[in-house]
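Here's the structure, in structure tokens; my notes come after.
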Amino acid sequence: MALRTASRVDGNQPRIVSALRQIGASVLHVHQLKNCFDLLVGYRGRTFIIEVKDPAQPPSARQLTPGEEEFRRTWRGSPYHIVETVDQALAIITQP
């Protein structure tokens, strides 16, 4: 995967990352990888793929890019999660 030279971070991503780390999750930023997701999260021996979308943006800006959609469609590993809020992110990684 190639690196993007100018990747945009959604405005809510720092809050989500902070909340995940506060409960003990490992968070790796991968948003700079072209056609990839935003966060790789490890928590209690499990790995989560998380794409962050900002609910403050119009719906058209919250759609997956064609590259993100292709990655999601063809990925054969852990589920690809799309979150907009801290609560959604925490619910995904803490569910049994």
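The values are calculated or read from the model by the stated rules, or taken from the named source; none is laboratory data. These numbers come from a predicted model, not from an experiment. Positions of Cβ are generated from backbone atoms using ideal geometry, with glycine treated the same way; all protein chains shown enter the neighbour counts. Surface areas here come from the heavy atoms of the whole protein model, side chains and all, with no ligands, DNA or RNA. Shrake-Rupley method; radii C 1.70, N 1.55, O 1.52, S 1.80 Å.
Some observations on this one:
- Of all residues making up the stretch 1-21, the number that are of a type outside the set (S, T, N, Q), open to solvent by 20 Å² or more (accessible area, probe 1.4 Å) and modelled with pLDDT under 90: 8
- In this structure, Gly24 does not qualify as surrounded by 14 or more Cβ atoms within 10 Å (Cβ to Cβ), modelled with pLDDT of 95 or more and of a type in the set (Gly, Ala, Ser).
- Residues in the stretch 37-66 that are small (Gly, Ala, Ser) and free of Cβ contacts under 8 Å to residues at least 40 places away in the same chain were compared, and the one that is farthest from Ser18 (Cα to Cα) is Ser60.
- Close pairs (6 angstrom Cβ cut-off, 6 or more residues apart or separate chains): within 15 Å of Thr94 (Cα to Cα) in the stretch 10-36, open to solvent by 80 Å² or more (accessible area, probe 1.4 Å) anywhere: Val27/Arg21
- If only residues of the stretch 41-56 that are open to solvent by less than 60 Å² (accessible area, probe 1.4 Å) and closer than 17 Å to Gln95 by Cα are counted, the one that is farthest from the chain's Cα centre (by Cα) is Tyr43.
- Any chance Ser78 is open to solvent by 30 Å² or more (accessible area, probe 1.4 Å), modelled with pLDDT of 95 or more and out of contact with any Gly (no Cβ under 8 Å at 6 or more places or on another chain): no
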